[in-house]
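**Q** Could you have a look at this structure, given as structure tokens, before my questions?
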Amino acid sequence: MKSDLIIRTMTRKDVDMAVDWAAAEGWNPGIHDADCFWSADTNGFVGGWLGDEQVAVISVVRYGSSFGFLGFYIVRPDCRGKGYGLQVWNTGLERLEGRTVGLDGVVARQENYRKSGFSLAWNNARYEGKGGGETAPGVIPLGSVPKTELYGYDRQFFAEPREAFLGCWISRPGTQSLCKMHGGRLAGYGVARPCRNGYKIGPLFADSPEIAEHLFVSLKAGVPESEPLFLDIPMPNTHALALVERHGMRPVFETARMYRGKAPEIGLCRTYGITSFELG
């Protein structure tokens, strides 16, 4: 049976609606996420329409020449079970052909992702706590570090360079971007951004558990005590798990990090906070 679904690249305005859909699903996106997601790849969002009404969305953001990340896979609730999602999914994956593709998916749906060639790498878990507290010594604004040094450091934790995305991510209104130096070089950085509900820290990269602790408590101190605070950690990093438990944070849900193609070699043991479940 021929489908009436029209699939095309989304506009910047369409991305705003996709973020609203994500909020309705309980994903709690950042207030300014759409700006930065768009800056990462202006052709990285695919939607499905029935006439003038959008019914499905997926993000297939490309980084460099070899990597892509799939996210924002949502079908409007009243249009589910009709095959629209699969059509958009297939179109999105075609756009990432020839690249290693990552995703953070619903744990219970791993078998569906395996059918498209994805394999489990590890699980991530979102933890929730509260803001407040005191800052740690030696933590400075990330803006005081040359951008080239930041981009070089970040490259240790991501499959490809992502300068355009990072430049936006660390500079949105209400966002805290902090770092710590060791021996005259960047040894860790973290970002806390305002979300629909509270704040999220991500990324949080650090060369040692002590540096991660200092960055975390300093970012936490910049969040009002009445506000929820979220951190998405990779479960294989036992130091990250110890950090959230030490601060009395509670687990909210898990995702399955999966890759189609060779998984990138990244500093997982120094990753204390995932940047974004939508863009990696």
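**Q** For region 119-159, what does the convex hull of the Cα positions come to per residue, in cubic angstrom? Could you put the intermediate results ahead of the total?
**A** Working: hull volume 5.4 nm³, N = 41.
In region 119-159, the Cα convex hull volume per residue is 132 Å³.
**Q** Contact order normalised by length for region 127-278, with contacts defined as Cα pairs under 8 Å and 6 or more residues apart; what percent is it? Intermediate values should be presented prior to the final figure.
**A** Values: 272 pairs, mean separation 50.3, N = 152.
The normalised contact order for region 127-278 reaches 33 percent.
**Q** Let me ask something else. Return P(r) of region 6-120 (all Cα-Cα pairs; 5 Å bins starting at 0; whole %; ordered from short to long distances).
**A** 2, 11, 23, 25, 22, 13, 3, 0
**Q** Arranged by the count of other C-beta atoms within 10 angstrom, fewest first, what order do His214, His182, His247 take? Please list the in-between numbers first.
**A** Values: His214 21, His182 14, His247 17.
With the sparsest Cβ surroundings first, the list reads His182, His247, His214.
**Q** Still on this structure: Sticking with the crude label model, points 7 Å out along Cα→Cβ, report the distance from Arg155 to Glu254 in nm, one decimal please.
**A** 3.5 nm
**Q** Further question: Using the C-alpha atoms of region 126-273, what convex hull volume per residue, in cubic angstrom, is computed?
**A** Details: hull volume 17.2 nm³, N = 148.
So the per-residue hull volume is 116 Å³.
**Q** Using amide H atoms built 1.01 Å from N in the peptide plane, name the residues 5+ places from Gly273, or on other chains, whose amide H lies under 5 Å from its own.
**A** Leu204
**Q** Based only on Cα atoms, what mean projected area does the convex hull of the chain have, in nm²?
**A** Average of the hull's projected areas for the chain equals 14.4 nm².
**Q** If you don't mind, there's one more thing I want to ask. What does the extension gain come out to for Thr148 and Glu210, with contour length at 0.36 nm per residue minus their alpha carbon separation? All intermediate terms of the calculation are to be shown ahead of the outcome.
**A** On the way: separation 62, 0.36 × 62 = 22.32 nm, distance 2.46 nm.
The Thr148-Glu210 span can extend by a further 19.9 nm.
**Q** I'd like the antiparallel share, as a percent to the nearest 5, of DSSP beta bridges with both residues in the chain.
**A** Details: 58 of 65 bridges.
Taking every DSSP beta bridge within the chain, about 90 percent pair in antiparallel fashion.
**Q** Give me log10 I(q)/I(0) at q = 0.13, 0.18 Å⁻¹ for region 1-71, Debye formula, one equal scatterer per alpha-carbon, no solvent.
**A** Debye output, listed in q order: -0.39, -0.71.
**Q** Now, a different point. Using alpha-carbon pairs under 8 Å, 6+ residues apart, how would you state the relative contact order of the chain in percent?
**A** Working: 579 pairs, mean separation 67.6, N = 280.
Relative contact order here is 24 percent.
**Q** Grab the eigenvalues of the alpha-carbon gyration tensor for region 93-133, scale each by 5, take roots, and send me the semi-axes largest first in whole angstrom. Walk me through the numbers on the way to the answer.
**A** Numbers: eigenvalues 173, 38, 13 Å².
Equivalent ellipsoid of region 93-133: 29, 14, 8 Å, largest first.
**Q** Out of the trypsin sites (Lys or Arg not before Pro) in region 177-280, which ones are loop residues according to DSSP with at most 11 other C-beta atoms within 10 Å?
**A** Working: sites: Lys180, Arg185, Arg196, Lys200, Lys220, Arg246, Arg257, Arg260, Lys262, Arg270; in loops: Arg196, Lys262.
Loop-located and lightly packed - Lys262.
**Q** Spit out the partnerless Cys residues in the chain, using Cβ distances under 4.7 Å as the pairing rule.
**A** Cys79, Cys179, Cys195, Cys269, each lacking another Cys Cβ under 4.7 Å.
**Q** Here is a further query. Using only the C-alpha atoms of region 85-186, find the volume of their convex hull and express it per residue in Å³.
**A** On the way: hull volume 18.8 nm³, N = 102.
It is 184 Å³ per residue.
Every number in this text was worked out from the coordinates using simple rules, so none of it is lab data. Since the model is a prediction, treat every value here as computed from it, not as a measurement. Cβ coordinates were reconstructed from backbone atoms using ideal geometry, including for glycine residues, and neighbour counts include every protein chain displayed.
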